[in-house]
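The values are calculated or read from the model by the stated rules, or taken from the named source; none is laboratory data. All of these numbers come straight from a predicted model, not from anything done at the bench. We place every Cβ from the backbone using ideal geometry, glycine too, and count neighbours over all the protein chains shown.
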Amino acid sequence: MLRILIDLEGLDREFAFELIYNTFSYTNHTVLPEALEKWSVNLLGNLLPRHLEIIYEINHFWLEKVAKKYPGNVHKMSSLSII
């Protein structure tokens, strides 16, 4: 969805991320680590380089939110990073 809003619809990255974040920030599904798929960065980068770039952008936006909520807490940022 983020790729479509940015690449095809031409929305600003920050606006597109906030739209996606506010739309999909709720889940009633499990987010336990053992239930989530994990792909290596190398595999994803080789198969879907644009998607990996967007994942890095999502992580950047997310970590900005974490930094605002927990200023100076590097451990919290590290543990909440998606990459």
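Of all the listed residues (SER40, SER25, SER78), the sole one being loosely packed, with under 12 Cβ neighbours inside 10 Å, among the small types (Gly, Ala, Ser) and modelled with pLDDT of 90 or more is SER78.
Matching residues to (1) out of contact with any helix residue (DSSP H, G or I) (no Cβ under 9 Å at 6 or more places or on another chain); (2) of a type in the set (S, T, N, Q); (3) assigned to a loop (DSSP other than H, G, I, E, B):
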site: GLY45; (1), (2), (3): no, no, no
site: HIS51; (1), (2), (3): no, no, no
site: GLU57; (1), (2), (3): no, no, no
site: TRP62; (1), (2), (3): no, no, no
site: ALA67; (1), (2), (3): no, no, no
site: PRO71; (1), (2), (3): yes, no, yes
site: LYS76; (1), (2), (3): no, no, no
site: SER79; (1), (2), (3): yes, yes, no
site: ILE82; (1), (2), (3): no, no, yes
